[in-house]
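Step one of this worksheet: look at the structure below.
The values are calculated or read from the model by the stated rules, or taken from the named source; none is laboratory data. On a predicted model such as this, the values are computed, not experimentally measured, just so you know. Positions of Cβ are generated from backbone atoms using ideal geometry, with glycine treated the same way; all protein chains shown enter the neighbour counts.
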Amino acid sequence: MPKRLFVALAFLLCFNLSHAIYSPVNAAIVINAKNGEIIYSYNADQRTQPASLVKMMTLLLTFKALQQRKIYPTTMIRVSPHAAAQKPTVLGLKAGEYISVRNAILALIVKSANDIATALAEHLGGNSEKRFIDMMNKEAQRLGMSSTIFFNPSGWKDPRQLTTARDMAKLARALLIEYPSYYHLFAHKKFCLNNKCIKGHYSLLGKKGDIIVDGIKTGFLNASGFNLAASAIKGKTRLIAVVLGGRTSRKRDALADLLLKKGFSKLISREIPRRPSQKTSSGSSSSVQAVSGVYNKLKELSHNNGAN
């Protein structure tokens, strides 16, 4: 084979592979937080980069260390040169500076700070980020996140770091079920450090009608699109929605909002018998069609016992 042709073919092969790795996957899932029952599912097992949703695992291991009293909210975490060198989004502390565990948690939740995620990982891993990443992957195995692999604690771009909507829903549910005393921290819209208040960008948080969204995490990379894990409560019922691959944060949030509303309506329709002539929200496709532009091939989501 001529050398030029070989180089051209190699280039095309590498381009196609990289395109497959870096193309955002459009996926969504809604589960009942109480029992894990799947209410809606679309491409829930297609793998993609999680972006800052990775920080949910970093936070879970932080909560675990707090629960085991290996650290305390007032424990001071040193920012290493490696942590300080992380790329934005960052809190911007310099190497050698310190931050408390409580403020570090809020920095991850509100600011999604990559430098603080790395500093926490190094501290909890015994001055070893690699050891912490091993801890992340072991915890993922324990939670049944069989399609997820972690390579850093922040979610910074790495084509090897992959997950699915289903796995992210399992992780979000674990934070709710296993560490309920820390879950309220996800509702913070801002936090203050060194006389400076930092606002978050999780616009879905808050009360909308009779539905309250009180967590959990957003994320974005060019390779993943706009990602979101949201937890919401209506009455005594709590749902978790995960949306991956949104084209914009607004469209991602709109779809998550719609999925939560439809999810609660689906549960209500099971509990309250309706006359056959009465139209329910689960029987109307207009709202789904109105937001279908978020994903080119998004079909009307319907309850199907977890099958895609």
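Quick notes on this one:
- Among the residues of the stretch 161-181, those identified as surrounded by fewer than 18 Cβ atoms within 10 Å (Cβ to Cβ) and of a type outside the set (A, V, I, L, M) are GLU178, TYR179, PRO180, SER181.
- Any hit, the stretch 229-245, residues being touching a residue at least 12 places away in the same chain (Cβ under 8 Å), surrounded by fewer than 18 Cβ atoms within 10 Å (Cβ to Cβ) and either of a type in the set (D, E, K, R) or not in a loop (DSSP other than H, G, I, E, B) (or both): yes
- For GLY200, the test of being of a type in the set (Gly, Ala, Ser) and farther than 20 Å from LEU267 by Cβ is passed.
- Cβ-Cβ under 6 Å pairs, at least 6 apart or on other chains, the stretch 193-216 side in a loop (DSSP other than H, G, I, E, B), far side of a type in the set (Val, Ile, Thr): GLY200/VAL110; TYR202/THR218; LEU204/VAL213; LEU205/VAL213
- Cβ-Cβ under 6 Å pairs, at least 6 apart or on other chains, the stretch 112-136 side acidic (Asp, Glu), far side crowded, with 23+ Cβ neighbours inside 10 Å: ASP115/ALA83; ASP115/LEU91; GLU129/ALA121
- Sub-8 Å Cβ pairs linking a first residue in the stretch 92-111 that is closer than 14 Å to HIS123 by Cβ and touching a residue at least 40 places away in the same chain (Cβ under 8 Å) to a second residue that is buried (at least 22 other Cβ atoms within 10 Å of the Cβ) and among the small types (Gly, Ala, Ser), at least 6 apart or interchain, are ILE99/ALA107; ILE99/ALA119; ALA104/ALA119; ALA107/ALA113; LEU108/ALA117, ordered by first then second residue.
- Close pairs from the stretch 50-70: first farther than 18 Å from ILE240 by Cα, partner among the β-branched types (Val, Ile, Thr) and part of a helix (DSSP H, G or I), Cβ under 8 Å, at least 6 apart: THR62/VAL101; THR62/ILE105; LEU66/VAL101
- Flag not set for GLN68, criterion: modelled with pLDDT of 95 or more, buried (at least 20 other Cβ atoms within 10 Å of the Cβ) and not charged (D, E, K, R).
- Number of the condition not met by TYR182 [criteria: (1) touching a residue at least 24 places away in the same chain (Cβ under 8 Å); (2) closer than 13 Å to VAL110 by Cα]: (2)
- For TYR295: the one exception among (1) at pLDDT 90 or above; (2) buried (at least 18 other Cβ atoms within 10 Å of the Cβ); (3) among the hydroxyl-bearing types (Ser, Thr, Tyr): (1)
- In the stretch 109-139, of all residues being in contact with a Gly (Cβ under 9 Å, 6 or more places away or on another chain) and of a type in the set (Gly, Ala, Ser), the one that is surrounded by the most Cβ atoms within 10 Å (Cβ to Cβ) corresponds to ALA117.
- Yes/no for ILE149 being aliphatic (A, V, I, L, M), crowded, with 24+ Cβ neighbours inside 10 Å and free of Cβ contacts under 8 Å to residues at least 40 places away in the same chain: no
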